[in-house]
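In what follows, a structure is listed as C-alpha coordinates, so that the remarks can point back to it.
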Amino acid sequence: MPPKVVCVVGPTACGKTKLGVEIAKRMNGEVVSTDSMQLYRGMVIGTAAPTAEEMEGVPHHMIGVADPAEQYSVARYVTEADACVQDILRRGKLPVLVGGTGLYLDALVRGNAFAPGGHDSAARAALQRRLDREGIEPLLEELRRVDPETAARLSPRDVKRILRALEVYHETGKTISQHNAATKEQPPRYDAVYIGLAFAHREDMKKLIDQRVDCMVEQGLPEEVGCLLASGLDRGATAWQAIGYKQFLAVADGHVSEAEAVEEVKLRSRQYAKRQLTWLRRNDSIHWIFWEKNRNFPEALQIATEILTAQGLF
RNA sequence: GCCUCUGUAGCUCAGUUGGUAGAGCAGUGGACUGAAAAUCCACGUGUCGUUGGUUCAAUUCCGACCGGAGGCA
(Lines give C-alpha, C1' and ligand atoms only; values in the text may rest on other atoms or scores of the structure.)
Protein backbone atom coordinates (compact mmCIF):
# COMPACT_ATOMS: atom_id res chain seq x y z
CA MET A 1 0.00 0.00 0.00
CA PRO A 2 1.47 3.40 -0.99
CA PRO A 3 2.02 5.99 1.75
CA LYS A 4 -0.92 8.18 2.69
CA VAL A 5 -0.98 11.91 1.97
CA VAL A 6 -3.68 14.48 2.59
CA CYS A 7 -4.68 16.83 -0.24
CA VAL A 8 -6.59 20.04 0.30
CA VAL A 9 -8.16 21.14 -2.97
CA GLY A 10 -10.69 23.68 -4.24
CA PRO A 11 -11.02 26.80 -6.34
CA THR A 12 -9.15 29.98 -5.54
CA ALA A 13 -10.13 31.96 -2.42
CA CYS A 14 -11.90 29.05 -0.75
CA GLY A 15 -9.61 28.75 2.25
CA LYS A 16 -7.29 25.90 1.27
CA THR A 17 -4.25 27.56 2.83
CA LYS A 18 -5.85 28.03 6.21
CA LEU A 19 -7.46 24.63 6.41
CA GLY A 20 -4.23 23.02 5.25
CA VAL A 21 -2.29 24.59 8.09
CA GLU A 22 -4.95 23.57 10.59
CA ILE A 23 -4.85 19.98 9.42
CA ALA A 24 -1.05 19.91 9.47
CA LYS A 25 -0.99 21.32 13.01
CA ARG A 26 -3.48 18.78 14.20
CA MET A 27 -1.87 15.80 12.55
CA ASN A 28 1.83 16.40 12.85
CA GLY A 29 2.10 17.34 9.21
CA GLU A 30 4.01 19.60 6.87
CA VAL A 31 2.55 21.48 3.95
CA VAL A 32 3.67 20.95 0.37
CA SER A 33 2.27 23.61 -1.95
CA THR A 34 0.76 22.41 -5.23
CA ASP A 35 0.60 25.83 -6.81
CA SER A 36 2.29 26.73 -10.06
CA MET A 37 2.72 30.42 -9.22
CA GLN A 38 3.41 30.48 -5.49
CA LEU A 39 6.64 28.70 -6.25
CA TYR A 40 8.11 31.87 -7.75
CA ARG A 41 10.11 34.03 -5.37
CA GLY A 42 8.82 37.53 -4.72
CA MET A 43 5.28 36.75 -5.84
CA VAL A 44 3.59 36.56 -2.50
CA ILE A 45 0.70 39.00 -2.35
CA GLY A 46 -0.70 38.35 -5.82
CA THR A 47 -0.56 34.58 -5.46
CA ALA A 48 -1.96 34.69 -1.91
CA ALA A 49 1.00 32.64 -0.75
CA PRO A 50 0.92 32.07 3.00
CA THR A 51 2.90 34.52 5.10
CA ALA A 52 5.12 33.37 7.96
CA GLU A 53 2.31 34.30 10.32
CA GLU A 54 -0.26 32.30 8.36
CA MET A 55 2.04 29.27 8.38
CA GLU A 56 1.71 29.20 12.19
CA GLY A 57 5.02 27.44 12.57
CA VAL A 58 4.12 24.62 10.23
CA PRO A 59 6.93 23.94 7.73
CA HIS A 60 5.93 24.76 4.14
CA HIS A 61 7.58 23.47 0.98
CA MET A 62 7.62 24.46 -2.68
CA ILE A 63 6.81 28.12 -2.03
CA GLY A 64 9.21 30.76 -3.34
CA VAL A 65 11.65 28.14 -4.58
CA ALA A 66 12.18 29.39 -8.13
CA ASP A 67 13.35 32.61 -9.70
CA PRO A 68 10.54 34.33 -11.64
CA ALA A 69 12.80 34.37 -14.68
CA GLU A 70 12.82 30.58 -14.79
CA GLN A 71 10.35 28.73 -16.91
CA TYR A 72 9.00 26.15 -14.54
CA SER A 73 7.23 22.97 -15.63
CA VAL A 74 5.11 20.15 -14.24
CA ALA A 75 7.94 17.71 -14.77
CA ARG A 76 10.31 19.76 -12.68
CA TYR A 77 7.63 20.29 -10.09
CA VAL A 78 7.01 16.58 -9.66
CA THR A 79 10.71 15.91 -9.20
CA GLU A 80 11.24 18.63 -6.62
CA ALA A 81 7.94 18.31 -4.78
CA ASP A 82 8.24 14.55 -4.58
CA ALA A 83 11.63 14.93 -2.93
CA CYS A 84 9.91 17.06 -0.28
CA VAL A 85 7.13 14.53 0.23
CA GLN A 86 9.60 11.68 0.54
CA ASP A 87 11.63 13.63 3.06
CA ILE A 88 8.57 14.43 5.15
CA LEU A 89 7.54 10.77 5.16
CA ARG A 90 11.05 9.69 6.10
CA ARG A 91 10.84 11.94 9.14
CA GLY A 92 7.60 10.27 10.15
CA LYS A 93 5.40 13.25 9.43
CA LEU A 94 2.28 13.61 7.31
CA PRO A 95 2.51 15.40 3.95
CA VAL A 96 -0.38 17.83 3.47
CA LEU A 97 -0.62 18.85 -0.18
CA VAL A 98 -2.29 22.23 -0.54
CA GLY A 99 -2.83 24.26 -3.66
CA GLY A 100 -4.84 25.13 -6.72
CA THR A 101 -2.94 23.70 -9.65
CA GLY A 102 -4.79 20.48 -10.44
CA LEU A 103 -2.27 19.21 -12.94
CA TYR A 104 0.62 19.58 -10.51
CA LEU A 105 -1.23 17.83 -7.71
CA ASP A 106 -2.41 14.93 -9.87
CA ALA A 107 1.02 14.46 -11.40
CA LEU A 108 2.62 14.42 -7.96
CA VAL A 109 0.15 11.95 -6.49
CA ARG A 110 0.32 9.62 -9.46
CA GLY A 111 4.07 9.92 -9.71
CA ASN A 112 3.94 10.81 -13.39
CA ALA A 113 7.03 10.17 -15.45
CA PHE A 114 6.94 12.74 -18.20
CA ALA A 115 8.25 12.09 -21.69
CA PRO A 116 11.43 14.00 -22.47
CA GLY A 117 11.33 17.40 -24.07
CA GLY A 118 10.24 20.71 -22.69
CA HIS A 119 10.57 24.35 -23.59
CA ASP A 120 14.38 24.17 -23.83
CA SER A 121 14.60 21.03 -25.96
CA ALA A 122 16.05 21.05 -29.47
CA ALA A 123 12.92 19.36 -30.79
CA ARG A 124 10.73 22.15 -29.44
CA ALA A 125 12.90 24.84 -30.95
CA ALA A 126 12.83 23.16 -34.34
CA LEU A 127 9.06 22.76 -34.18
CA GLN A 128 8.62 26.37 -33.17
CA ARG A 129 10.66 27.44 -36.19
CA ARG A 130 8.54 25.30 -38.49
CA LEU A 131 5.41 26.75 -36.95
CA ASP A 132 6.63 30.31 -37.53
CA ARG A 133 7.56 29.52 -41.12
CA GLU A 134 4.78 27.23 -42.32
CA GLY A 135 1.89 27.57 -39.89
CA ILE A 136 0.13 24.84 -37.98
CA GLU A 137 -1.35 22.83 -40.85
CA PRO A 138 1.82 20.90 -41.92
CA LEU A 139 2.53 20.10 -38.26
CA LEU A 140 -0.98 18.87 -37.72
CA GLU A 141 -0.66 16.83 -40.91
CA GLU A 142 2.48 15.18 -39.56
CA LEU A 143 0.76 14.44 -36.26
CA ARG A 144 -2.15 12.83 -38.11
CA ARG A 145 0.37 10.54 -39.75
CA VAL A 146 2.37 9.51 -36.68
CA ASP A 147 -0.28 9.75 -33.95
CA PRO A 148 -3.79 9.87 -35.46
CA GLU A 149 -5.38 9.32 -32.07
CA THR A 150 -3.92 12.52 -30.61
CA ALA A 151 -4.47 14.45 -33.83
CA ALA A 152 -8.14 13.58 -33.75
CA ARG A 153 -8.40 14.50 -30.09
CA LEU A 154 -6.88 17.95 -30.39
CA SER A 155 -8.40 21.02 -31.92
CA PRO A 156 -6.39 22.40 -34.88
CA ARG A 157 -6.14 25.59 -32.89
CA ASP A 158 -4.62 23.96 -29.83
CA VAL A 159 -1.10 24.82 -30.98
CA LYS A 160 0.53 24.16 -27.63
CA ARG A 161 -0.57 20.55 -27.43
CA ILE A 162 0.12 19.83 -31.09
CA LEU A 163 3.68 21.04 -30.63
CA ARG A 164 4.11 19.03 -27.47
CA ALA A 165 2.77 15.85 -29.09
CA LEU A 166 5.21 16.15 -31.99
CA GLU A 167 8.01 17.05 -29.65
CA VAL A 168 7.53 13.83 -27.71
CA TYR A 169 7.53 11.86 -30.92
CA HIS A 170 10.70 13.52 -32.20
CA GLU A 171 12.48 13.11 -28.89
CA THR A 172 11.54 9.51 -28.15
CA GLY A 173 10.24 7.89 -31.31
CA LYS A 174 7.11 7.02 -29.37
CA THR A 175 3.82 8.90 -29.51
CA ILE A 176 2.41 10.88 -26.66
CA SER A 177 -0.61 8.58 -26.64
CA GLN A 178 1.70 5.67 -25.91
CA HIS A 179 3.39 7.63 -23.14
CA ASN A 180 0.10 8.61 -21.60
CA ALA A 181 -1.26 5.08 -21.79
CA ALA A 182 1.88 3.75 -20.11
CA THR A 183 1.55 6.35 -17.34
CA LYS A 184 -2.02 5.30 -16.67
CA GLU A 185 -0.90 1.70 -16.15
CA GLN A 186 1.30 2.75 -13.26
CA PRO A 187 -0.26 2.58 -9.80
CA PRO A 188 -0.37 5.96 -8.03
CA ARG A 189 2.68 6.74 -5.92
CA TYR A 190 0.58 7.92 -2.97
CA ASP A 191 -2.68 7.01 -1.35
CA ALA A 192 -4.31 10.42 -1.39
CA VAL A 193 -7.18 11.49 0.84
CA TYR A 194 -8.83 14.52 -0.71
CA ILE A 195 -10.59 17.28 1.19
CA GLY A 196 -12.35 19.72 -1.15
CA LEU A 197 -13.43 23.22 -0.22
CA ALA A 198 -16.01 25.10 -2.27
CA PHE A 199 -18.87 27.53 -1.94
CA ALA A 200 -22.38 26.16 -2.21
CA HIS A 201 -23.40 29.21 -4.25
CA ARG A 202 -21.28 30.80 -6.89
CA GLU A 203 -22.28 34.37 -5.99
CA ASP A 204 -20.66 33.89 -2.61
CA MET A 205 -17.45 32.75 -4.20
CA LYS A 206 -17.51 35.76 -6.51
CA LYS A 207 -17.95 38.09 -3.57
CA LEU A 208 -14.98 36.64 -1.77
CA ILE A 209 -12.78 36.71 -4.85
CA ASP A 210 -13.65 40.39 -5.38
CA GLN A 211 -12.80 41.18 -1.78
CA ARG A 212 -9.54 39.32 -1.99
CA VAL A 213 -8.46 41.15 -5.14
CA ASP A 214 -9.21 44.53 -3.55
CA CYS A 215 -7.23 43.40 -0.55
CA MET A 216 -4.25 42.35 -2.68
CA VAL A 217 -4.07 45.77 -4.30
CA GLU A 218 -4.23 47.41 -0.90
CA GLN A 219 -1.50 45.18 0.45
CA GLY A 220 0.82 46.12 -2.38
CA LEU A 221 0.34 44.01 -5.48
CA PRO A 222 1.31 47.01 -7.67
CA GLU A 223 4.54 47.40 -5.69
CA GLU A 224 5.29 43.70 -6.05
CA VAL A 225 4.88 44.07 -9.80
CA GLY A 226 7.18 47.09 -9.63
CA CYS A 227 9.85 44.98 -7.93
CA LEU A 228 9.63 42.29 -10.60
CA LEU A 229 10.00 44.96 -13.27
CA ALA A 230 12.91 46.57 -11.45
CA SER A 231 14.62 43.20 -11.33
CA GLY A 232 14.57 43.23 -15.12
CA LEU A 233 12.21 40.27 -15.43
CA ASP A 234 11.58 39.56 -19.11
CA ARG A 235 8.05 40.29 -20.26
CA GLY A 236 7.83 36.84 -21.81
CA ALA A 237 8.52 35.07 -18.52
CA THR A 238 5.99 32.44 -17.44
CA ALA A 239 5.66 34.23 -14.12
CA TRP A 240 3.92 37.13 -15.87
CA GLN A 241 1.11 34.77 -16.79
CA ALA A 242 -0.01 34.85 -13.19
CA ILE A 243 -3.37 36.53 -12.76
CA GLY A 244 -2.90 39.91 -11.15
CA TYR A 245 0.71 40.29 -12.25
CA LYS A 246 -0.19 40.26 -15.93
CA GLN A 247 -2.82 42.96 -15.48
CA PHE A 248 -0.73 45.21 -13.25
CA LEU A 249 2.15 44.91 -15.69
CA ALA A 250 -0.23 46.50 -18.20
CA VAL A 251 -0.87 49.30 -15.68
CA ALA A 252 2.86 49.85 -15.24
CA ASP A 253 3.20 50.01 -19.01
CA GLY A 254 0.43 52.59 -19.15
CA HIS A 255 -1.93 50.46 -21.23
CA VAL A 256 -4.81 50.39 -18.76
CA SER A 257 -5.91 52.21 -15.64
CA GLU A 258 -5.63 50.64 -12.22
CA ALA A 259 -9.41 50.45 -11.96
CA GLU A 260 -9.60 48.56 -15.25
CA ALA A 261 -6.87 46.20 -14.11
CA VAL A 262 -8.70 45.46 -10.87
CA GLU A 263 -11.88 44.55 -12.78
CA GLU A 264 -9.87 42.37 -15.14
CA VAL A 265 -8.13 40.56 -12.27
CA LYS A 266 -11.49 39.84 -10.63
CA LEU A 267 -12.89 38.53 -13.89
CA ARG A 268 -9.89 36.31 -14.67
CA SER A 269 -9.87 34.97 -11.12
CA ARG A 270 -13.51 34.02 -11.43
CA GLN A 271 -12.89 32.24 -14.71
CA TYR A 272 -9.88 30.52 -13.22
CA ALA A 273 -11.95 29.29 -10.27
CA LYS A 274 -14.47 27.85 -12.71
CA ARG A 275 -11.75 25.94 -14.55
CA GLN A 276 -10.42 24.62 -11.26
CA LEU A 277 -13.86 23.32 -10.38
CA THR A 278 -14.13 21.61 -13.77
CA TRP A 279 -10.80 19.92 -13.17
CA LEU A 280 -11.76 18.78 -9.67
CA ARG A 281 -15.24 17.54 -10.52
CA ARG A 282 -13.88 14.55 -12.39
CA ASN A 283 -12.13 13.34 -9.25
CA ASP A 284 -14.89 11.48 -7.46
CA SER A 285 -12.84 10.60 -4.41
CA ILE A 286 -12.86 14.19 -3.10
CA HIS A 287 -14.68 14.69 0.20
CA TRP A 288 -16.32 18.06 -0.33
CA ILE A 289 -17.04 20.64 2.32
CA PHE A 290 -19.38 23.34 1.06
CA TRP A 291 -19.40 26.82 2.55
CA GLU A 292 -22.71 28.56 3.10
CA LYS A 293 -22.12 32.30 2.76
CA ASN A 294 -19.21 32.44 5.19
CA ARG A 295 -16.26 30.19 5.79
CA ASN A 296 -16.45 28.44 9.13
CA PHE A 297 -12.99 27.01 9.71
CA PRO A 298 -13.47 25.36 13.10
CA GLU A 299 -16.40 23.43 11.68
CA ALA A 300 -14.50 22.56 8.50
CA LEU A 301 -11.56 21.31 10.54
CA GLN A 302 -13.93 19.19 12.56
CA ILE A 303 -15.42 17.64 9.42
CA ALA A 304 -12.00 17.17 7.87
CA THR A 305 -10.74 15.45 11.01
CA GLU A 306 -13.67 13.07 10.94
CA ILE A 307 -13.01 12.26 7.30
CA LEU A 308 -9.32 11.67 7.90
CA THR A 309 -10.04 9.55 10.94
CA ALA A 310 -12.39 7.41 8.90
CA GLN A 311 -9.57 6.98 6.41
CA GLY A 312 -7.33 5.71 9.17
CA LEU A 313 -5.18 8.79 9.38
CA PHE A 314 -5.74 10.04 12.87
C1' G B 1 -39.09 74.67 -27.69
C1' C B 2 -37.06 73.14 -32.59
C1' C B 3 -33.56 70.01 -35.47
C1' U B 4 -30.45 65.65 -36.02
C1' C B 5 -28.95 60.94 -34.38
C1' U B 6 -30.28 56.81 -31.38
C1' G B 7 -33.25 52.70 -28.62
C1' U B 8 -32.05 44.82 -31.16
C1' A B 9 -29.26 38.93 -26.09
C1' G B 10 -26.70 40.54 -19.15
C1' C B 11 -22.98 44.42 -21.88
C1' U B 12 -20.99 46.67 -26.71
C1' C B 13 -22.99 46.55 -31.33
C1' A B 14 -24.18 44.24 -36.52
C1' G B 15 -28.38 43.16 -39.59
C1' U B 16 -33.07 42.34 -42.17
C1' U B 17 -33.70 46.46 -50.29
C1' G B 18 -40.73 44.04 -45.44
C1' G B 19 -41.07 37.04 -44.72
C1' U B 20 -40.14 37.36 -36.43
C1' A B 21 -32.38 38.14 -36.17
C1' G B 22 -26.32 37.31 -35.22
C1' A B 23 -21.18 38.63 -33.72
C1' G B 24 -17.69 39.89 -29.80
C1' C B 25 -17.53 40.07 -24.58
C1' A B 26 -19.87 38.15 -20.17
C1' G B 27 -22.17 33.52 -18.42
C1' U B 28 -22.69 27.94 -18.21
C1' G B 29 -20.70 23.12 -19.21
C1' G B 30 -16.42 20.38 -20.91
C1' A B 31 -11.27 19.03 -22.11
C1' C B 32 -6.46 19.02 -20.16
C1' U B 33 -0.12 14.33 -18.88
C1' G B 34 7.17 19.04 -19.54
C1' A B 35 3.85 26.94 -20.61
C1' A B 36 -1.59 24.67 -16.57
C1' A B 37 -3.17 31.36 -12.73
C1' A B 38 -1.60 28.52 -19.32
C1' U B 39 -4.15 26.55 -23.57
C1' C B 40 -8.36 24.71 -26.11
C1' C B 41 -13.70 23.03 -27.23
C1' A B 42 -19.18 23.38 -27.02
C1' C B 43 -23.71 26.12 -25.92
C1' G B 44 -27.20 32.25 -28.66
C1' U B 45 -35.78 32.90 -28.18
C1' G B 46 -34.43 38.02 -27.47
C1' U B 47 -42.39 41.32 -26.14
C1' C B 48 -35.80 43.87 -32.12
C1' G B 49 -38.42 50.95 -26.64
C1' U B 50 -44.19 51.54 -26.48
C1' U B 51 -48.37 52.28 -29.41
C1' G B 52 -51.31 53.28 -33.81
C1' G B 53 -51.22 52.94 -39.33
C1' U B 54 -49.94 50.86 -44.35
C1' U B 55 -49.44 45.59 -45.89
C1' C B 56 -51.22 38.84 -47.05
C1' A B 57 -47.01 39.78 -43.64
C1' A B 58 -43.61 45.07 -39.79
C1' U B 59 -38.12 44.43 -35.78
C1' U B 60 -37.57 46.57 -40.90
C1' C B 61 -41.81 51.64 -44.06
C1' C B 62 -44.99 56.00 -41.98
C1' G B 63 -47.08 58.69 -37.53
C1' A B 64 -47.40 59.61 -32.34
C1' C B 65 -45.51 58.84 -27.62
C1' C B 66 -41.59 57.48 -23.99
C1' G B 67 -36.06 56.97 -22.88
C1' G B 68 -30.80 58.43 -24.28
C1' A B 69 -26.95 61.52 -26.95
C1' G B 70 -25.62 65.83 -29.64
C1' G B 71 -26.74 70.58 -32.06
C1' C B 72 -29.55 75.32 -32.52
C1' A B 73 -32.02 78.74 -29.72
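Hull surface divided by four, with the convex hull built on the Cα atoms of the stretch A:1-111: how many nm²?
Orientation-averaged projected area of the Cα hull: 6.6 nm².
Tell me the per residue accessible area of the stretch A:152-296 using a 1.4 Å probe; a whole number in Å² is fine. It would help to have the intermediate numbers written out before the result.
On the way: 8490 Å² over 145 residues.
Per residue, the stretch A:152-296 has an accessible area of 59 Å².
Within the accessible area of the stretch A:48-117, the carbon and sulfur atoms contribute 53%, probe 1.4 Å, all protein chains present. Peptide packing for A:84-93, A:50-59, A:16-25 was compared via the average number of neighbouring C-beta atoms within 10 Å per residue; ordered from the highest value, the list is A:16-25, A:84-93, A:50-59. When only Cα pairs below 8 angstrom with a gap of at least 6 residues are kept, the stretch A:127-232 shows a relative contact order of 16 percent. Shown in residue order for the stretch A:272-282 are the 3J(HN,Hα) couplings computed by the Karplus curve 6.51 cos²θ - 1.76 cosθ + 1.60 at θ = phi - 60°: 5, 4, 5, 5, 4, 4, 4, 4, 6, 4, 7 Hz (x for Gly and Pro).
If you roll a 1.4 angstrom probe over the protein chains with everything in place, what fraction of the accessible area of the stretch A:203-309 belongs to carbon and sulfur, to the nearest %? Roughly 52 percent of what the probe reaches on the stretch A:203-309 is carbon or sulfur. Taking all Cα pairs closer than 8 Å and separated by 6 or more residues, the relative contact order of chain A comes to 27 percent.
Under the simplified labelling scheme, the residue A:218-residue A:71 pair shows an inter-label distance of 3.9 nm, with each label point 7 Å from Cα along Cα→Cβ.
Net charge in the neighbourhood of residue A:256 (other residues with Cβ under 12 Å of its Cβ; Lys, Arg +1, Asp, Glu -1) is -4. Computed over all pairs of different Cα atoms, the Kirkwood value for the hydrodynamic radius of chain A is 21.1 Å.
Overall, the accessible surface of the stretch A:120-165 at a probe of 1.4 angstrom is composed of carbon and sulfur to the extent of 50 percent.
From the square roots a ≥ b ≥ c of the eigenvalues of the alpha-carbon gyration tensor of the stretch A:172-240, which class results: rounded (a/c under 1.5), prolate (a/b over b/c), or oblate? Cα axes put the stretch A:172-240 in the oblate bin. All distinct Cα pairs of the stretch A:187-281 go into the 1/r average, and the inverse of that average, the Kirkwood radius, is 15.2 Å. At an R0 of 30 angstrom, the distance between the Cβ atoms of residue A:145 and residue A:125 translates into a FRET efficiency of 0.90.
The values are calculated or read from the model by the stated rules, or taken from the named source; none is laboratory data. Worth saying up front: this structure is predicted, and the values here are computed from it rather than measured. Every residue, glycine as well, gets a Cβ built from its backbone with ideal geometry; the counts of neighbours run over all protein chains shown. Side chains included, ligands, DNA and RNA excluded: accessible areas come from the protein's heavy atoms. Shrake-Rupley method; radii C 1.70, N 1.55, O 1.52, S 1.80 Å.
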